[in-house]
1. Restricting to segment 173-195, and then to whatever is β-branched (Val, Ile, Thr) and assigned to a strand (DSSP E or B), can you tell me which residue is surrounded by the fewest Cβ atoms within 10 Å (Cβ to Cβ)?
2. Could you tell me which residue of segment 132-168 is surrounded by the fewest Cβ atoms within 10 Å (Cβ to Cβ), considering only residues that are aliphatic (A, V, I, L, M) and under 23 Å from Pro238 (Cα atoms)?
3. Please find, among Phe98, Phe104, the residue that is among the hydrophobic types (A, V, I, L, M, F, W, C), in contact with a Lys or Arg (Cβ under 8 Å, 6 or more places away or on another chain) and either modelled with pLDDT under 95 or surrounded by fewer than 20 Cβ atoms within 10 Å (Cβ to Cβ) (or both).
4. Report every pair of residues separated by at least 6 positions or lying on different chains whose Cβ atoms are under 7 Å apart, first residue within segment 69-90 and within 22 Å of Arg244 (Cα to Cα) and free of Cβ contacts under 8 Å to residues at least 12 places away in the same chain, second polar (S, T, N, Q) and surrounded by 24 or more Cβ atoms within 10 Å (Cβ to Cβ).
5. Answer yes or no: is there a residue in segment 236-245 that is part of a helix (DSSP H, G or I), out of contact with any Leu (no Cβ under 9 Å at 6 or more places or on another chain), free of Cβ contacts under 8 Å to residues at least 60 places away in the same chain and not β-branched (Val, Ile, Thr).
6. Conditions: (1) under 16 Å from Ala130 (Cα atoms); (2) modelled with pLDDT under 60; (3) assigned to a loop (DSSP other than H, G, I, E, B). Gln23 meets all but one. Number of the miss?
7. Might you let me know whether segment 104-117 holds any residue that is more than 18 Å from Arg52 (Cβ to Cβ) and without any contact (Cβ under 8 Å) to a residue 60 or more places away in the chain?
8. Can you name every residue in segment 233-249 that is more than 25 Å from Ala90 (Cβ to Cβ) and either surrounded by 10 or more Cβ atoms within 10 Å (Cβ to Cβ) or of a type outside the set (A, V, I, L, M) (or both)?
Amino acid sequence: MGAARSRRRAAPRFLSTDAEPRQQRFVYGRRRGRKLRPGQQALWRRLLPTLRFSLPAAGTLDPAALFDRPVDAAALEIGFGAGEHLAAQAADHPETGFIGSEVFENGIAKLLGEIEPRRLSNIRLFLDDARLLLAALREASLTRVFILFPDPWPKLRHHKRRIVSRATLDALARVMTDGAELRLATDDRGYLAWMLEHATAHPDFEWLAQRPSDWRERPADWPQTRYEQKAFAAGRSPTFLRFRRRQRA
C-alpha cells in the first residue's frame, strides 16, 4: 500500500538533470530529444502519474506491491528505449508485473502511447537511474531482467558508464530469484566482448548458450525492437545473450 500511495502522490513533471549528482550520470546519456507533441504531453500529464513510482524512504521495495492486482512474478527492463519490447512482453504475460526503468522522455512518451490503447495494466515505471532501483528492491524478487541494446559507450574513458558491469551483476544477483533469466542484447562487437567477459566470469550467472544459433538468433519469445532493426539496416549483426541466475548456496 505504501508504494501505491507514493505512486498516486507523484506529480507529472518533466525530468531535469539540474540537481542530479555528478556520480549518478554514468549509465545513460541525454534525457530529452525533440519536444513532445501536444498529444504526448497530454498523455504524459494524464497517464504517467498512475504508472510511475518513487522509492521508499526506508526499507526495501517489493515489486509485486506496485500493482493494483496480484501478479505471479515481477520482471524488470533497464533502459526500455521506445518501450516496444516492454509493451509486447506485458501483453504476452498479463500475469507478470513489469517494471520499466528509463530516463529518456521521448521514449517514455512512446511507451505511454503503447500502454493506453492496449490497456496494459501490468506496467510500472521508474524514471531515474536503474542502480537506485536495484539497491532498493527486495532480495530475490525478480524472475526476469532485460538489458537490451544499452549505450555501448565505445570510448575507453567512458567504459565506466556501461550498465553491464560487475557492480550491476552483483546487484542483479541479489534481486533475482534462483533460476531467474537475464537477457542482454547488443550490436556493438566491443560491448559484446565486454558483456561476455563480465557475465561469464560472475559466479552467480551461467550462460545458457549451447550452439551458435543460441546467440545469433533472437528467441521466438523475445520481441523485436527498433534498435535491432536499425542494426540490421546499418549492416551490423545483433547478438542475443541469455543467462540464468544460479541456485543460492
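1. Only one residue fits best here, namely Thr177.
2. Per the stated criteria, the residue is Leu156.
3. Result: Phe104 is the single residue among Phe98, Phe104 that is among the hydrophobic types (A, V, I, L, M, F, W, C), in contact with a Lys or Arg (Cβ under 8 Å, 6 or more places away or on another chain) and either modelled with pLDDT under 95 or surrounded by fewer than 20 Cβ atoms within 10 Å (Cβ to Cβ) (or both).
4. none
5. no
6. With respect to (1) under 16 Å from Ala130 (Cα atoms); (2) modelled with pLDDT under 60; (3) assigned to a loop (DSSP other than H, G, I, E, B), Gln23 is out only on (3).
7. Checked segment 104-117: at least one residue is more than 18 Å from Arg52 (Cβ to Cβ) and without any contact (Cβ under 8 Å) to a residue 60 or more places away in the chain.
8. Gly235, Arg236, Ser237, Arg246, Gln247, Arg248
The values are calculated or read from the model by the stated rules, or taken from the named source; none is laboratory data. Predicted model, so just to flag it, every value in this text is computed and none were measured. Using ideal geometry, Cβ is built from the backbone for each residue, glycine included, and neighbour counts are taken over all protein chains shown.
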